[in-house]
Structures are given as C-alpha cells and as structure tokens.
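The values are calculated or read from the model by the stated rules, or taken from the named source; none is laboratory data. Keep in mind that what you see is a predicted model, and the values were worked out from it rather than measured. Every residue, glycine among them, receives a Cβ derived from its backbone with ideal geometry; neighbour counts consider all protein chains shown.
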Amino acid sequence: MTPVSYLLDISRLLARADYAVPTGIDRVELSYAQYLLTHKREQSYFCAMHPVGIAGGIPTPLAEEMIEALAAKWGGSTVSTSASRLKRKIRRKILYSPLPKKPRIVHILVSHHHLTRPRVIRNILKRTGAKFVPILHDLIPLEYPEYARPGEPARHAVRVQTILDYAAGIIFPSHAVRDAFMPYMEKHSRQIPVGLVPLGVNVKKEEDLLPPTLACPSRPYFVCLSTIEPRKNHLLLLQAWRRLAEQLGDRAPVLVVIGKRGWENENIVDLLDRCPSLKGHVLEYNELPDQDVIHLLKNCRALLFPTFSEGFGLPLAEAFSFGVPVLCSDIPVLREVGAGIADYLDPLDGPAWIEAILDYTTNSARRRDQIQRINYWKPFTWESSIVGTLDSVCEFKLFN
C-alpha cells in the first residue's frame, strides 16, 4: 500500500520571518516542519499562501533552508542566511510552483493562517486531492469576545466554518477546546473524526543552549511569560506588585515580564511605563532569545500565569519541563495541562496572589511541596506530540 504523504503549510513561518522572537504558535509550526524533514522526509511536502491569495508548493531544499534559518534566528544564533531574504524568494516561487498531487496525501495546517480564506483551502484540496486536517488551538474569540481584537470574533467564526466545511479530521490540543467545539459540529450536523494531541515542549539540555546574554535579578524574582494583552491578566500582577513595592520597598521580589506588547493594553502599558512604584521592581523584555528566556525561567521562584482563558497553556508546560513551580489561574484547561500539580488561584483574587507570591519568595513548605509534585509530571515532547498527530491521521481512516 502506498504510504501516506504529508503536505505541511508553512505560511505562518513565512509571515513571521522578520520577527526577532517566535510566538507559541510559531514554535508549533516550526516543530512540525523540523520533525517531518528529519523523520518523514520522503513523504513530506511543503506549501504556503502568497499574500495575494495564491497557494503554491515549496521545493523541499528551499523549505529546509528557511526552517533552519528561523530555528537558528529564534534560538539566538548569529546566522549568515537571512530568513527575510528566503521569505521573499519563497513568495516569488510559490506564485508559479505546482502543488504535489499524490494518491494518499494529507494537508496539515498547524496554525490558523488563512482559515479565514476558505477559497484558498478549497483550491489547495482541489489541486492536490488531499484530505484536510487542521489543528484548532482555541475558540477564545467566540467564547470570550471581550478579550479579542475588534473584528476577531467574526473572523474566528469564519475559521470554524472553514473547518466544518472542509476538514476530514481535526486535531485539538486539549479536552477543553475539543469539548467547546463539539456543539458546532452538532449544530451543522457534521461528524468529523477528532484527535486529542497535547502540544509538546522543547526539553533542552544545558550544553545545547547558547550562553545567556543577561544576568538574573539579584533579588528573588518571578517570571510572567506571555504576550501583553488583557486576556493574560498582567493588570492583576502589576497591581499586586505596586502593593508589594509600597509595603516592602527594596525587600519586595522582582517581577520579570517577558513578551511582546499586544493589543487593547493601554492600562497595562500605562503602569509599565509611568507607575513610579514599579520602577526597579518590574522588568519588561519584549524580545529575548531562547537562551535568555530559559535562563530567567530556570532561576525564578515561580512562573506566574494569571490568564483568564487558554487553549492549552504552553508556558505552564515549559516551566514544569525545567522543574519550575507555577502559580496559575484555576481554569479547567490549566488543571488539565498541569495535572493538578501547580498552585491554582482565582484570577480575580488579588490578595490570594499576593499571599502566594510572598510564600514562594521564601523556601516555604508550599513551594517545596509543588517542586516535589513536579517530579511526577512527565513532559510531552514535540516528537511525541507530532507522532500523536500522525497516528490520529491514520486512525481517521481517510483513505480506502
């Protein structure tokens, strides 16, 4: 029997090639591309959508060059190959490059890129004869429109409809997302096979990392790792830190905020930029290479994750992979991903967060107990995650 082939869409990687640091979804798409090149090279093909709305194939050597350049750039290396130059070269090529047409081929879309353009998806499937298997990371714009950019709920509704119209199978990163999606299938009388595959983490050894370029704060410190936007609830942490700074002065712990500034965040930015009480107590880094993020994370008292909603919660898994305790919101998806190991707090209960932060500033029993619990947590690597997706594709029985 002819083996299944895989057509991976790397449109998001192209769109993000000019950025200094990746987002969580960027890392997902990059990890899939690296795995397929390493383990399924003869069965793997790559494609992308040009901004004008035309999709085309990417020769494997060129895709590999781009993926290696991005991995090096986002890993903090000085690279001779320009990811931006490769992006331009690939975009010129895909305007004229054919898509592969194989008897048993699956089109995998790891990001939500161009799900708002159903004609592009339909055109790819028509030209390749492929079965479409996307990953749906969350339904947050529909469940919590107050945390989305203007117009995003309507765009996400189109993404959901595109999946309902064209998907032959769907991968979800958590029970929470799968359960939220099931009513949409029922409403549209669709029975699409689904797979539940947690996202992976990069478990890096010390010797594999470049040396860090910055030092950790001299005082005990905590890390918040996420895009600065209302849904992530940075406001709770900044208000807590203002209280800690006013009460403890130079004895207060330090808050290290790592993440790019997002949208609808004026109140948060006002505090970061102009609040006198936070000066010297809150450090903000918008673009850090991996080795610096890991260095700060591994040496902090705890990761703080007071988010209101998530599709998975990758920072929690990344912290646990380094043995770092986590204080996070008590929401179902984080209990699922964290296996009940983290310390869970109401994302609106400021006094409870201050109490927990003070506990974790010292070598308290509360902190020691969580570190012991983390020893029982087993990281889900990217290899096991991607193998899980490919196994689900087989279980979907997409071909006769």
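Screening residue 250 with (1) acidic (Asp, Glu); (2) surrounded by 13 or more Cβ atoms within 10 Å (Cβ to Cβ); (3) without any contact (Cβ under 8 Å) to a residue 40 or more places away in the chain gives one miss only, at (2).
Set side by side, the residues 283, 316, 288 differ, and just one is assigned by TED's automatic domain parsing to the domain that holds residue 271 and assigned to a loop (DSSP other than H, G, I, E, B), which is 288. Taking the conditions (1) in contact with a Phe, Trp or Tyr (Cβ under 6 Å, 6 or more places away or on another chain); (2) among the basic types (Lys, Arg); (3) assigned to a helix (DSSP H, G or I) in turn, residue 243 satisfies each one other than (1). Any chance you could count how many residues in segment 267-280 are among the basic types (Lys, Arg) and part of a helix (DSSP H, G or I)? So the answer is 1. Kindly indicate whether residue 23 is farther than 24 Å from residue 198 by Cβ and polar (S, T, N, Q). The answer is no for residue 23. Please go through segment 308-326 and pick out each residue that is among the β-branched types (Val, Ile, Thr) and crowded, with 23+ Cβ neighbours inside 10 Å. The answer is 326, and nothing else. Each residue in segment 167-186 was checked for being more than 22 Å from residue 386 (Cα to Cα) and touching a helix residue (DSSP H, G or I) at 6+ places or on another chain (Cβ under 8 Å), and 3 of them qualify.
Applying the selection to segment 338-363, what residues are loosely packed, with under 14 Cβ neighbours inside 10 Å, more than 25 Å from the chain's Cα centre (by Cα) and assigned to a loop (DSSP other than H, G, I, E, B)? Those that are loosely packed, with under 14 Cβ neighbours inside 10 Å, more than 25 Å from the chain's Cα centre (by Cα) and assigned to a loop (DSSP other than H, G, I, E, B): 362, 363. Quick one: would you say residue 27 is under 25 Å from residue 160 (Cα atoms), assigned to a helix (DSSP H, G or I) and basic (Lys, Arg)? For residue 27, the condition - under 25 Å from residue 160 (Cα atoms), assigned to a helix (DSSP H, G or I) and basic (Lys, Arg) - is met.
Tallying residues that are under 19 Å from the mean Cα position of the chain (by Cα), among the aliphatic types (A, V, I, L, M) and in a helix (DSSP H, G or I) within segment 142-156 yields 1.
Put simply, of 356, 339, 352 the only residue that is in contact with a strand residue (DSSP E or B) (Cβ under 9 Å, 6 or more places away or on another chain), over 24 Å from residue 147 (Cα atoms) and not polar (S, T, N, Q) is 356.
Would you confirm whether any residue within segment 73-80 is in a strand (DSSP E or B) and either touching a Gly at 6+ places or on another chain (Cβ under 6 Å) or buried (at least 16 other Cβ atoms within 10 Å of the Cβ) (or both)? No: segment 73-80 contains no residue that is in a strand (DSSP E or B) and either touching a Gly at 6+ places or on another chain (Cβ under 6 Å) or buried (at least 16 other Cβ atoms within 10 Å of the Cβ) (or both).
Look at segment 187-201: where a residue is at negative phi and a partner is of a type outside the set (Asp, Glu) and loosely packed, with under 12 Cβ neighbours inside 10 Å, sitting 6+ places away or on another chain with Cβ atoms under 8 Å, you get 193/397.
Scanning segment 119-139 for residues that are in a loop (DSSP other than H, G, I, E, B) and more than 21 Å from the chain's Cα centre (by Cα), we see that the one that is surrounded by the fewest Cβ atoms within 10 Å (Cβ to Cβ) is 129. Figure legend. Inter-residue proximity from segment 48-77: first residues under 18 Å from residue 9 (Cβ atoms), second residues among the basic types (Lys, Arg), beta-carbon distance below 6 Å, spacing 6+ or different chains. Indicated pairs: 50/91.
Scanning for something surrounded by 13 or more Cβ atoms within 10 Å (Cβ to Cβ), hydroxyl-bearing (Ser, Thr, Tyr), touching a strand residue (DSSP E or B) at 6+ places or on another chain (Cβ under 6 Å) and over 23 Å from residue 334 (Cβ atoms), does segment 145-164 turn up at least one residue? No, segment 145-164 contains no residue that is surrounded by 13 or more Cβ atoms within 10 Å (Cβ to Cβ), hydroxyl-bearing (Ser, Thr, Tyr), touching a strand residue (DSSP E or B) at 6+ places or on another chain (Cβ under 6 Å) and over 23 Å from residue 334 (Cβ atoms).
The set of residues in segment 237-285 being hydroxyl-bearing (Ser, Thr, Tyr) and under 17 Å from residue 217 (Cα atoms) consists of 285 alone. Look at (1) under 17 Å from the mean Cα position of the chain (by Cα); (2) farther than 14 Å from residue 89 by Cβ; (3) at pLDDT 95 or above and you find that residue 38 fails only one, number (1). Of all residues in segment 55-79, those satisfying the criterion of being over 12 Å from residue 17 (Cα atoms), modelled with pLDDT under 90 and touching a helix residue (DSSP H, G or I) at 6+ places or on another chain (Cβ under 7 Å) are 75, 76, 79.
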